[in-house]
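Enquirer: Below is the structure I would like to discuss, written out as structure tokens.
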Amino acid sequence: MDMATAQDFVYRPHDRKSDRGRSRDADPVTTQVVRHSLGSAANQMKRVLVRTAYSPIIYEAQDFAVAVYDRQARMLAQAPTLPAFMGTMNFCVEAAIAGIGGEEKLEPGDAILYNMPYGTGSHAQDCAVVMPVFMPDGELVGYTANKAHWLDVGAKNSYCTDTTDVFQEGVVFPGVKLYRRGELVEDIMAIVVANSRMPRPVRGDLLAQVASCRIGADEFVRVVERFGSQTFWDCVERMYEHGEAVVRAFIEQLPDGRYEAQGHLDNDGLSENPITFDLAVEVSGSTLRVDFSRVPDAQRGPLNCPLPSTVSCCRIALAMFAGNSEAPNEGHFRPIEIVTRPGSMFHPVSPQPCYMYGWPLMSAFEAIFEALSRALPGRVPSGSAGDICGVQYWGHDDLRDEFFYGGCSLPVGQGASVGGDGATLFVSPLAQSKTPSAELMETKWPIVRFERWEYVTDSGGPGKQRGGLGWDIHWRFMKPVEIVSIVERTKVPSWGQAGGLSGLSNRFVLSYPDGRDVEIRKVTGLPVPAGSVVRIRCGGGGGYGPPTERDVAAVRRDLQLGLVSDTEARRHYPQAFS
Amino acid sequence: VSSRIGVDIGGTFTDLVYFDDETGEVVVGKVPTTPASPEQGCIAAVREVVPDEVLRRSAYFLHGTTVGLNALLERRGALVGLLCTEGFRDVLEIGKGSRDMYNLFWKPPAPLVSRDLRLPVRQRTTFDGEVVSPLRESDVLAALETFRAAGVDSIAVVFLHAYANPSHELQAEQILRAAGFTGAISLSHRVSGEYRDFERASTTTIDAFVRTRLSGYIDHIEQSLKGDGFDGTCLMTRSGSGSMTFAEAQERPFETIMSGPVAGAEGAAELARRFGLGHLITADVGGTSFDTCLIIDGRPQLLHQGTVAGLPVQTSWVDVRSIGAGGGSIARVDKGGLLTVGPQSAGADPGPACYGRGGTLATVTDAAFHLGMLGDGLLASGLRLDATAASAALAPLARELGYTVDEAAKGVITIVGSNMAGAIRELTIEQGIDPREFRLLAFGGAGPLMGTELARELGLREIIVPPHAGNFSAWGLLGADLLRSRARTRVMTLDARALDEINRIVAELLSVLYEDGFEATADTDRCEIALDMRFDGQEHSLTIAPDHDRGRVSSTPAELTEKFREAYRRSFGLTLHDKVQVVSVRAARRRALPRRSERLSLATHGTVGEVSAYSFALRERCRFETLYRGDLRAGERRRGPVIVYEPTATTYVDVDFSYGVDANGCLILRREEH
């Protein structure tokens, strides 16, 4: 069953053991208390970052992750943040430490800045801050780390859909000390600021990240002191074993086998050729392996997903099923193996471009769920419209005399499940994101005026349970701007299951003031005249079960609410008209 | 003239407290809540507990109720129609789009107004209040036709940016009235002067949804009390602390929605002010939940946006953090072999196993009783706890963990205590506060049981168990100031011009707040001003109180900026030098109720007993004395261990604490160094 070949790369969680603790010496009560205390440290890091950040992409989209690691870079705790980031942070920690020359170069009060895409799993805009945590006696016990999306770090544009190598994608910090012994290294900050089109928010966000790491580090030390070092480390080992046992117990319920599915993307950002990739989930006993070895070679454009995000995608998808509804730690990740092929679109190597790593990731997420639906009929919701339909804009704010950058990510129709219709929510890898309100955005960026924020009739995939509705969001630009559009999955809609059908796919039409309507998928830096209207249709989710089995009262209710038109209802749900 | 009656309706019990200024006596009572008709339960409680002459000479009736909240939780309210800006019909349903990441099947609660009753009106106002498209009367009238056909009782009107310019909402109201609509109308700008259309729409529809129910409820209580001879003022607790008149509660029903835990926080604040207790952390432990809040400078901390039954509410509320950890919380061993406690609760029925009402799952109360922390287990209600049932419920846990029953019970208390301590730690540390500078005020049926364990876990030195500990929330009603507040969003850079604008907005808000028919009297009447401020470009703000002279801000922009930076440094450990923005302006009017001087009397028993109980400090069982609170003499201090009984609570004092009653009747536990 092992289909990995010689050139494949198999990622397994490292088994670097710590000699500090022995799980057999830990009691289950104290272990639980230690686990909660570490979770609380991570939650505090999250709150500080959310409340001090400058950009809505952090405080609304929650485009960040925070976590606490032990000295072996094993994950102690993580706050619920951007799921797509959550499984990548150990890579950031390890790479950041390597970047400054190893553990022995660390001193109390240091904070390391790191954003190499192949090490963070993201694009250069996602910058990690890693802070070593020292006990008062000087012992290094671990790290606090976060990774957050910066508005601009000097790529060819503030957001890019058309890069062809990593050097066009932003300034890279390969692991440098931003703070040395508690003092800000002004030279590094000067480089950060000088390389950004939006220096003020970027500086603010970076300092928010440092504040977040610092509060986590202080709390980490207090937790170790509260329990005493030996007890603490004993409990940590026991905690990892607990997490591992929970996930293994889940995997063991799955029938052994290989479950395949296909992922879809509209194009590589440079051409209009659709991309499909095959992945498989292999279950063997209590181990789960996700096989990306047969995906295409790295794309010419930036739709490549670096290894840490490929790994994260699998970790988080499984945690959503198997994690006992609790925040994962290192142990939860131990039963998962990932097979990739270096140089492929899920394991790009330098200088292959990866600015849009998040889109292959979202698509892989959908495909993993679809594969799992074959192992677990009835226990996986159908597919979502699979995107965040991001159209962003930038220009010069005459009032404040500075560059502005606006936009937001959007929820889409989610798949129906055996138990009910789908809702309209963010896709799973962005579960904690929030749509900012129209009032807030108009106040912040007075150059936009919203015109529509409504469901699209007939957009939810028909089924016994209906897919979640898609919706229209329209806004007008009152001044000329440049836009970047990433509206994906316009060609392949959500997947339905057990006879359920697909919902409408995503779509973006730009209406120019002269009356022209142009459909756009990906574009970077497109000048748009004042008076133009952005019309985005966020797609609908897939249905579950044959539409002809839908409850007649539910069909009538959908008609009354205008969620389904009379024509489409007659076509899919004849039972309501007999 | 300071006699008053407080009635707090909870999920299981209705608590009643009255203060009689002729005797100085405080009398407490507890009757079962009648969920089907809480207004009748309330009146029945008054008739049962309060003597006629006390009712007749009482000046105030103070009431805390979850009627509005329950209407929301059970979705039993008015049929609401919503008028919204054309094109924005689904804002209320699409919401924020965020989800529970560990539950793939999670769905948001259904909106209070279904899509067929959310109807568009052509009109548009911008963020700075400019009208760019006039209101079309015909759209309002067409919508009214639909509402009438559907039998709508109550109409909510939510237009974009109405906080910046309310004229269209006011016009819509006029049109609806002129067309003969006689039901309730909720206008979003009256409900909330703050931006964020989804949150304001949610709050406005909640207002419309609960209005009729709460109005009828209030009328019934007021009429019944009047009929029984009460001639004072009726007040109701507000989510944002303090109380409001029944008339205002009928006008602004959404302000009662999050008032559940407010009475306890108010009581704690009054105690802190009256006895100079300094800063407090409250630990209110009931059957299903643990509620904690901070009392700083004698006031509970406020937040300005919350969530109730999954729906956002844009209103001030007391920052009480609640977790599912109480006496009824159920302990179990999870799939990975670790012990967990809560959030599921055995509730009142069947309740903990030791209640002998058929419960078989081990709860916190079972563990505490098994460990001897509840003494002999004779409750004030006359119920005697069943020791065999408690250990039988704990035995399976012990087996799974490979523990003795004592060890399993100890584990349950340790974990529930650590969950509570974690909630306190997050509440304090996130605001840059060191909990060790605070005292713990422990109340509710099980708060005094957990006090020493929490204090040890958090490094606190002193625990206060207030008089009437088990009914403390109801007692807290008696001191609730009359409070009204309003807010308005106006985003601007803080400078001299902004200060003029702030003063103009404050004047407008205050003029509304003083239109309440009450004479303004200098000694008891105060206005309060607060500003939500942030660094230019940030989203989240901190609320800062400027100095002011009767409603005119006297701080300079530079002083305000410094005050903001200092608060920011305290909360987040660093500060920035960017420009500062004001986001929203808040004003409140506060009138204290007349002072009352209470005399405390607890029945004496004169009996001392003994029980074998577990000491968390010694990590073994030892002999605990048991005695009655009424037998403690003020000023005397002794070393634990001891278990102190009083009618509605039991205080567990571990060996490393001393205890004694102070001159105010508070039971003070103090951690002693070894």
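The values are calculated or read from the model by the stated rules, or taken from the named source; none is laboratory data. Quantities reported herein were computed from a predicted structural model and do not represent experimental measurements. Here the Cβ positions follow ideal geometry from the backbone for every residue, glycine too, while neighbour counts run over all protein chains shown. Areas reflect the complete protein model, heavy atoms only, side chains present, ligands, DNA and RNA absent. Shrake-Rupley method; radii C 1.70, N 1.55, O 1.52, S 1.80 Å.
Enquirer: Within the protein assembly as shown, what whole-number % of the accessible surface is contributed by carbon and sulfur, with the 1.4 Å probe and all protein chains included in the calculation? Don't skip to the end; give the middle numbers.
Expert: Working: 20990 of 42590 Å².
With neighbouring chains kept in place, the figure for the protein assembly as shown is 49 percent.
Enquirer: By how many degrees, 0 to 90 and rounded to 10, does the Cα axis of helix B:197-227 deviate from the longest principal axis of chain B?
Expert: 70 degrees
Enquirer: If the limit is 20 Å between Cα atoms, which of A:Lys522/B:Lys107; A:Lys147/B:Lys563; A:Lys46/A:Lys444; A:Lys156/A:Lys522; A:Lys46/A:Lys434 go over it?
Expert: Going by Cα-Cα distance, A:Lys522/B:Lys107; A:Lys147/B:Lys563; A:Lys46/A:Lys444 fall outside the 20 Å limit.
Enquirer: Moving to a separate point now. At 1.4 Å probe size, with every protein chain present, just tell me what the per residue accessible area of chain B comes to in Å².
Expert: 37 Å²
Enquirer: To the nearest 20 Debye, how big is the dipole of the range A:436-545 about its Cα centre, given +1 on the beta carbon of each Lys and Arg and -1 on that of each Asp and Glu?
Expert: Roughly 240 debye for the range A:436-545.
Enquirer: Ballpark to the nearest 100 Å², how much total accessible area do B and A bury together, probe 1.4 Å?
Expert: 6900 Å²
Enquirer: Return the calculated 222 nm mean residue ellipticity for chain A, to the nearest 500 deg cm²/dmol, obtained by summing -39500 (n - 2.57) across DSSP H runs with n ≥ 4 and dividing by the residue count. Show your work: numbers first, answer last.
Expert: Details: 14 runs with 173 residues, N = 578.
My calculation for chain A gives -9500 deg cm²/dmol from helical runs alone.
Enquirer: May I ask which residue of B:Pro300, A:Phe403, B:Ser98 lies farthest towards the positive end of the charge dipole of the protein assembly as shown, with charges of +1 (Lys, Arg) and -1 (Asp, Glu) on Cβ and the Cα centre as origin?
Expert: Farthest towards the positive pole: B:Ser98.
Enquirer: Relative contact order for the range A:301-399 using alpha-carbon pairs under 8 Å, separation at least 6, rounded to a whole percent?
Expert: After rounding, I find 37 percent.
Enquirer: Of A:Phe508, A:Ser459, A:Ile483, whose Cα points farthest to the positive end of the dipole of the range A:427-519 (charges on the beta-carbon: +1 Lys, Arg; -1 Asp, Glu; origin at the Cα centre)?
Expert: A:Ser459
Enquirer: Can you give the log10 of the normalised intensity I(q)/I(0) at q = 0.22, 0.23 Å⁻¹, computed with Debye over equal Cα scatterers of the range B:586-642?
Expert: Reported log10 I(q)/I(0), two decimals: -0.98, -1.03.
Enquirer: For chain A, what does the accessible surface come to per residue with a 1.4 Å probe? Please give it in Å².
Expert: That works out to 31 Å² for each residue.
Enquirer: Quick check on the range B:572-674: of the DSSP beta bridges with both residues there, what percent are antiparallel, nearest 5%?
Expert: 85 percent
Enquirer: In addition: Using only the Cα atoms of the range A:1-141, what do you get for the radius of gyration and for Dmax, in Å?
Expert: 16.9, 51
Enquirer: Something else: Under 18 Å Cα-Cα from A:Lys105, which aspartates and glutamates qualify once same-chain neighbours fewer than 8 residues away are excluded?
Expert: A:Asp70, A:Glu94, A:Asp137, A:Glu139, A:Glu183
Enquirer: Projected onto the charge dipole of chain B (+1 at Lys/Arg Cβ, -1 at Asp/Glu Cβ, origin at the Cα centre), which of B:Leu214, B:Ala164, B:Val608 gives the Cα projection farthest towards the positive end?
Expert: It is B:Ala164.
Enquirer: Follow-up question, since we're still on this one. Dipole magnitude of the protein assembly as shown about its Cα centre, charges +1 at Lys/Arg Cβ and -1 at Asp/Glu Cβ only, in debye to the nearest 20?
Expert: Details: 130 positive and 157 negative charges, 128 e Å.
Around 620 debye, computed over the protein assembly as shown.
Enquirer: For A:Gln465, what is the net charge nearby, where nearby means another residue's Cβ is under 11 Å from its Cβ and Lys, Arg count +1, Asp, Glu -1?
Expert: 0
Enquirer: Assigning unit charges at the beta carbon (Lys, Arg +1; Asp, Glu -1) and nothing else, what dipole magnitude in debye, to the nearest 20, does the range B:255-380 show about its Cα centre? Provide the component values of the computation, followed by the final result.
Expert: Details: 7 positive and 11 negative charges, 35 e Å.
It comes to approximately 160 debye.
Enquirer: Restricting attention to the alpha-carbon atoms of the range A:303-433, what are Rg (one decimal) and Dmax (integer), both in Å?
Expert: 17.6, 57
Enquirer: Also: Using every pair of alpha-carbon atoms in the protein assembly as shown, split the distances into 10 Å bins beginning at 0 and state the percent of pairs per bin, rounded to integers.
Expert: Spelled out bin by bin, the protein assembly as shown gives 2, 9, 17, 22, 22, 17, 9, 3, 0, 0 percent.
Enquirer: Just from its helices, what would the mean residue ellipticity at 222 nm be for chain B, if runs of 4 or more DSSP H residues each count -39500 (n - 2.57) and the sum is divided by every residue, rounded to the nearest 500 deg cm²/dmol?
Expert: -9500 deg cm²/dmol
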